[in-house]
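Here, each number is a calculation from the coordinates, and none is a lab measurement. Everything numeric here is computed off the predicted structure, so don't read it as measured data. Note that we place each Cβ from the backbone using ideal geometry, even for glycine, and neighbour counts take in every protein chain shown.
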Amino acid sequence: MKTAAATIKVAWLITAVYDFYQYVLRSAPAVMMPELSQAFGLTAIGVASLAGLFYYGYSPFSLVAGVALDRWGPRTVVPIGAAVIGIGALMFASGSGGVASAGRFVQGAGGVFALLGAAYLATTYFPASCAATLIGATQMFGMAGGFAGQFAVGPAIAAGLPWSRFWVYMGFAGIALSILLFAFLPRAEATKQRGGWLKEAGHALATVFRNRQSIMCGLISGLLFIPTTIFDMVWGVRYLQEAHGFSYGEAVMRSSTVPLGWIIGCPLLGFISDRLGRRKPVIAASALVLLACLAVILFGPHGVLPPYLIGLSQGCHPARP
């Protein structure tokens with residue numbers, strides 16, 4: 001019994017590392033925009049569009065991943081997701097525009113299984129009193145990956161690491177994670193398979209989308225999520241270099257403070273919300289702080305406030321109401 005419990009804990013930890021890994025790949029293009037632009041013959045906007053294909057895979061496969069986990073369990077589904085994102089990284093390293101575009105889409109499709117897999121483990125195999133803590137910890141792992149994808153990868157690229165070699169390394173890392181996940185994730189309990197499962201899944205999704213509160217939570221989450229993930233993790237470094245004249249190293253440092261703010265904000269604002277016993281005031285206040293930070297970044301004078309305060313403050317908000 002103790003051995004089984006320890007195995008579940010290791011399985012959750014590896015799944016959290018998987019979330020760290022997919023966030024590294026999500027944010028890494030921001031620190032190699034010139035290299036990617038030269039390699040693929042694209043403008044800065046073209047490279048940003050290429051990097052953004054990650055979200056075109058991530059968004060629809062969020063629905064697919066949830067249904068698949070309910071149907072087949074984590075041991076069947078989550079390792080496939082890790083292998084898929086690894087294959088996507090190898091495709092991105094090819095240097096071919098079409099293959100890289102498909103690879104970036106595939107990375108998003110595979111990356112979605114990380115957080116959902118960890119959440120599934122937390123809610124299924126751990127006591128209810130631990131579930132929220134474990135999900136929050138998983139999100140912290142993910143944002144640590146977003147931080148590493150800029151703070152660690154940027155200096156490596158600046159020191160001469162070829163961009164394609166980085167993606168090859170990440171591809172093999174994804175395949176290794178897939179093997180570890182398959183070894184440690186628990187088998188799903190045997191259940192009677194019913195032929196109408198697809199219809200039932202569609203009915204469940206329709207119920208969610210007919211719920212006004214679900215739609216409102218999704219909109220709030222997305223609008224809070226966009227400035228930190230899409231703006232910072234795709235455009236952040238290039239924007240700071242070209243719009244404000246920062247050196248490459250300084251731009252990477254400032255941009256990487258945004259996911260670092262997530263690492264601080266996830267547990268802190270969750271704790272404040274639990275202490276207050278209310279969610280709306282914390283979300284509303286965080287949205288106002290985020291708006292103020294964006295206004296300063298885009299239009300305000302620089303050099304007035306401490307250099308990394310704005311990035312940290314921008315990242316400290318709850319994007320998952």
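Order of 105-115, 9-19, 224-234 by packing, highest average Cβ count within 10 Å first?
Values: 105-115: 25.8, 9-19: 22.5, 224-234: 20.5.
Result, highest mean first: 105-115, 9-19, 224-234.
Could you give the semi-axes, largest first, of the ellipsoid that matches the stretch 211-321, computed as the square roots of 5 times the alpha carbon gyration tensor eigenvalues and rounded to whole Å? Display every interim value, and only then the final one.
Values: eigenvalues 146, 42, 27 Å².
Three semi-axes, in Å: 27, 15, 12.
Only Cα pairs within less than 10 Å get springs; with that Gaussian network setup on the chain, which residue of F299, F61, F246 has the largest fluctuation?
Of F299, F61, F246, the most mobile in the Gaussian network model is F299.
If N is the number of residues in the stretch 83-146, what value comes out of its Cα radius of gyration divided by 2.2 N^0.38 Å? Don't jump to the answer; show the numbers that get you there.
Working: Rg = 15.2 Å, N = 64, 2.2 N^0.38 = 10.7 Å.
Dividing the Cα Rg of the stretch 83-146 by 2.2 N^0.38 Å gives 1.42.
If we count every other residue with Cβ under 14 angstrom of E35's Cβ, Lys/Arg +1 and Asp/Glu -1, where does the sum land? Walk me through the numbers on the way to the answer.
On the way: positive: R165, R238; negative: none.
Net charge around E35: +2.
What are the extents of the Cα atoms of the stretch 1-154 along their three principal axes, in Å, largest first?
Principal-axis extents of the stretch 1-154 (Cα, largest first): 56, 32, 22 Å.
Once you charge only the Cβ atoms, +1 for Lys and Arg and -1 for Asp and Glu, what is the size of the charge dipole of the stretch 211-321 about its Cα centre, to the nearest 20 debye?
Details: 8 positive and 4 negative charges, 104 e Å.
Rounded to the nearest 20 debye, it is 500 debye.
Looking at F54, A118, A5, which one has the Cα that reaches farthest to the positive end of the dipole of the stretch 1-141 (charges on Cβ: Lys, Arg +1; Asp, Glu -1)?
Result: A5.
Relative to the first principal axis of the alpha-carbon coordinates of the chain, what is the inclination of helix 280-299, with its axis defined by its Cα atoms, in degrees from 0 to 90 and to the nearest 10?
30 degrees
Hull surface divided by four, with the convex hull built on the Cα atoms of the chain: how many nm²? Walk me through the numbers on the way to the answer.
Numbers: hull surface 70.8 nm².
That works out to 17.7 nm².
Roughly how far apart, in whole Å, are the Cα centres of the stretch 49-75 and the stretch 241-277?
26 Å
Taking the stretch 1-64 on its own, what percent of its Cα-Cα pair distances exceed 17 Å? Numbers along the way, then the final one.
On the way: 1185 of 2016 pairs.
Pairs farther apart than 17 Å: 59 percent.
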